[in-house]
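Where a number appears in this text, it was derived from the coordinates with a stated rule and is not lab data. Keep in mind that what you see is a predicted model, and the values were worked out from it rather than measured. Using ideal geometry, Cβ is built from the backbone for each residue, glycine included, and neighbour counts are taken over all protein chains shown.
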Amino acid sequence: MWSQTYFWFTWLAVACFMEFWAMILHGALWHGPWWVTHKSHHEARRGSFEFNDIFALFHAILATTLIVYGFESGDSISSHLCVAAGFGMTTFGMAYFLVHDGFIHERLPVSFLSRFAYIRRVKNAHKVHHRREHQHPYGLFLGEYELRWHKRRGVAMRERSSGDHQMSER
């Protein structure tokens, strides 16, 4: 009935989707109406935890609920989807915690990650976000690409507006 291929595909798809979900939440809510909570992440940390960690807790509870529901609800497509989705969310959460909290903000002893050029670029893009505070990149793993996209878009917008300006002068 339910193929392992679908299970693994769902797991991977949800793990990848979570980067885009985090990017949307980060830009629209965390740097918007929920700034009062997220601002603790942009300030010097006191102790091991910050108020901003509540966002990770919410997603961990959601992922755990999906996994438990999926295991407890019997052998059906929906139960397999729930388990796979919960594992995908958990996989993203673990990667995010390891790279973001552990490596970038040095909350864990994972300096070995600096051996990977891509992870160093992720850290550099995240530093750009912290310097700008309410601007992109809002994504973590795709932050570098988000910066490039906004730069190209900005250049195109400037070219378009300067072209419109030149046409209106004629």
Sorted from fewest to most neighbouring beta carbons within 10 Å, what does the list HIS59, HIS42, HIS129 look like? HIS42, HIS59, HIS129
Directionally averaged shadow of the stretch 6-78, computed from the convex hull of its alpha-carbon atoms, nm²: 6.3
Between PHE116 and THR5, the two model label points (7 Å from Cα along the beta-carbon direction) sit apart by a distance in nm of 2.8
Per-residue HN-Hα couplings for the stretch 92-105, Karplus 6.51 cos²θ - 1.76 cosθ + 1.60 at θ = phi - 60°, whole Hz, x for Gly and Pro? 4, x, 5, 5, 4, 4, 4, 7, 6, 6, x, 7, 5, 9
Net charge near ALA56, counting Lys/Arg +1 and Asp/Glu -1 over other residues with Cβ under 14 Å of its Cβ? -2
Output the Kirkwood hydrodynamic radius of the stretch 95-153, Cα pairs only, in Å rounded to one decimal. 11.6
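Give me the dipole magnitude in Debye, nearest 20, for the stretch 22-148 about the Cα centre, with unit charges on the beta carbon: positive for Lys and Arg, negative for Asp and Glu. Show your work: numbers first, answer last.
Working: 12 positive and 10 negative charges, 142 e Å.
Value, rounded to 20: 680 debye.
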Taking the alpha carbon gyration tensor of the chain, what are the square roots of 5 times its eigenvalues, largest first, to the nearest whole Å? 34, 23, 16
Approximate spin-label separation ALA44-ALA56, in nm, with each point projected 7 Å along Cα-to-Cβ: 2.2
The lysines whose Cα lies under 24 Å from the Cα of LYS39, excluding any fewer than 8 residues away in the same chain, are LYS123, LYS127
